[in-house]
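Undergrad: Quick one: the structure is below, questions incoming.
Read-outs: derived from the displayed coordinates by stated rules, not from any lab. Just so it is clear, the structure is predicted and the values come from calculations on it, not from any experiment. Using ideal geometry, Cβ is built from the backbone for each residue, glycine included, and neighbour counts are taken over all protein chains shown.
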Amino acid sequence: MLLAIDAGNTTTEFGLFDNDTFITSYRCITKQTRTSDEYAIMLKEFLALDKLCFDNIDDVIISSVVPDINYSLTSMFIKYLNINPLMVEPGIKTGIVIRTDNPREVGADRIADALAAYTIYGGPVIVLNFGTATRYDYVNQDGIFCAAITSPGIQISADALWTKAAKLPKIEIVKPASILATNTITSMQAGLVYGYIGQVEYIINRMKKELKCDDIMTVACGGYAKIIMPHTDVIKKYDRHLTLKGLNLMYGKNKK
């Protein structure tokens, strides 16, 4: 089996593939203080949930936007599985042409998302990843990564609201029944969620306008997508494991 790892700023997801078929995934908080031994114990416990073990893993591919964890993470696989993981970094074959001012600035997870969205859903496509930051990436009909927009994620916006305003409480991020709020909590929820829906709709519609193309597939992934997607019609597909699927496709292009 292939173990694909998407190490993000907030969470790290481990996904298992068997001959390109997605099997299962596990998620943990991204911590920069874990040792290789701690990663090994955690992964072993995850695998045991599905009656699997280290012997089931044949190879590993890692996408990481947190450089400080890379040494411990890769060392764990070398030490316990005798596997040198494939890292998504400049020079790896991705199947996506990046046509931006500085292609090396484009994050590994963005490339994985773009590859999966273009391969599975076709192009042109706008990929939205609702993570720590919210990302809007455009891949044209020829599989060329042409544009990228980045905004603060909805959790970052919420954190700023209650940490910068002394009298505002920490709240659950959910959409209230009406935007016409009548108390502090629902007023904050209305501003966060309805405001974010407005951002998503404006950015996608603006992208379509500047691209002079209305017929663009829109695919969303990321943990916070489920809060936004049910309340707007500008997002056509939701694919929870899009990034992991992109890493699996990328591995296929770089098999030893």
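Undergrad: For the chain, what is the charge dipole size about the Cα centre, in debye to the nearest 20, if Lys and Arg each add +1 at the Cβ and Asp and Glu each add -1 at the Cβ?
TA: Dipole about the Cα centre, nearest 20: 460 debye.
Undergrad: If each residue's Cβ is checked for other Cβ atoms within 10 Å, how do TYR196, TYR80 rank with the fewest at the top?
TA: Lowest to highest Cβ neighbour count: TYR80, TYR196.
Undergrad: When Lys and Arg each count +1 and Asp and Glu each count -1, what net charge do the other residues less than 14 Å away from SER25, Cβ to Cβ, add up to?
TA: In short, -2.
Undergrad: How large is the dipole of the stretch 2-87 about the Cα centre if only Lys and Arg carry +1 and Asp and Glu carry -1, each at its Cβ, rounded to the nearest 20 debye?
TA: My answer is approximately 280 debye.
Undergrad: Here's another thing I want to ask about it. In whole percent, what relative contact order does the stretch 1-97 give with Cα contacts below 8 Å and a gap of six or more residues?
TA: Answer for the stretch 1-97 is 29 percent.
Undergrad: Which order results if ASP239, ASP159 are arranged by neighbouring Cβ count within 10 Å, fewest first?
TA: ASP159, ASP239
Undergrad: Moving on. Taking a ≥ b ≥ c as the square roots of the eigenvalues of the Cα gyration tensor of the chain, is the shape rounded (a/c under 1.5), prolate (a/b larger than b/c) or oblate?
TA: oblate
Undergrad: Which of LEU47, LEU168, LEU128 moves most in a GNM of the chain, Cα contacts under 10 Å?
TA: In this elastic network of the chain, the residue with the biggest mean-square fluctuation among LEU47, LEU168, LEU128 is LEU168.
Undergrad: Cross-link list LYS31/LYS253; LYS175/LYS245; LYS44/LYS245; LYS93/LYS245; LYS44/LYS79: which exceed 24 angstrom alpha carbon to alpha carbon?
TA: Flagged as over cut-off: LYS31/LYS253; LYS175/LYS245.
Undergrad: Looking at the chain as a GNM with Cα springs under 10 Å, which of LYS44, LYS167, LYS245 has the largest mean-square fluctuation?
TA: LYS167
Undergrad: Turning to a different aspect of this structure: For the chain, modelled as a GNM with alpha-carbon contacts under 10 angstrom, which of THR134, THR94, THR21 fluctuates the most?
TA: Maximum fluctuation in the GNM of the chain, among the listed residues, is at THR21.
Undergrad: Need one word for the stretch 103-232: rounded, prolate or oblate. Basis is the Cα gyration tensor (sqrt eigenvalues a ≥ b ≥ c); a/c below 1.5 gives rounded, then a/b vs b/c decides.
TA: prolate
Undergrad: A follow-up question, please. Where does the charge balance sit around THR243 when Lys and Arg score +1, Asp and Glu -1, over other residues with C-beta under 13 Å from its C-beta?
TA: -1
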